[in-house]
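Nothing in this text is a laboratory measurement; each read-out follows from the coordinates by a stated rule. Everything numeric in this text was worked out from a predicted model, so none of it was measured. Ideal geometry is used to build each Cβ from the backbone, glycine not excepted, and the neighbour counts take in all protein chains shown.
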């Protein structure tokens, strides 16, 4: 395993070099791109050697999650009721939930599917010809959306919600918000390594 280190020479310039953990005598100059140094600073030494296989595995995992979530929204949009209790915020469990109709469910399902396809593409599984702004910032936007969902709107949704006694709130605490946070972090990692 390689680890990068930084030192300041006598003239005040930063010098980067890579230390081989297996042999403390081995010092290798860092590449000029600074990519390995960025990995070490942002994600620790374990991410510097992220292989294409691991990148693809992460992309497949994320795609599977997005595909499952998309399928569930299609199912609910078509009137399905399995696993529909406690998936929509409410003030209390006795009030019937105001489930969204088919159009909002299908919009969410298509958005989740599009996110999954973008994740697969950025993971190196195939090449999509996308506008440069989507190619450059698409995964960052997805990551931000899911991390913001995990944080919530401070009343019904997210880790910092005020309503905590409903079935949705309990599901959100145990499942929905942690899943959104995990998706946001994994998408950010995928963006950094792809």
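Once all Cα-Cα distances of the stretch 52-193 are split into 10 Å bins that start at 0, what whole-number percent is in each one?
Histogramming the stretch 52-193 at 10 Å steps yields 12, 37, 34, 15, 3, 0 percent.
Among 85, 122, which comes first, then next, by fewest other beta-carbon atoms within 10 Å? Mind showing how you got there, number by number?
Details: 85 12, 122 22.
Fewest-to-most ranking of 85, 122: 85, 122.
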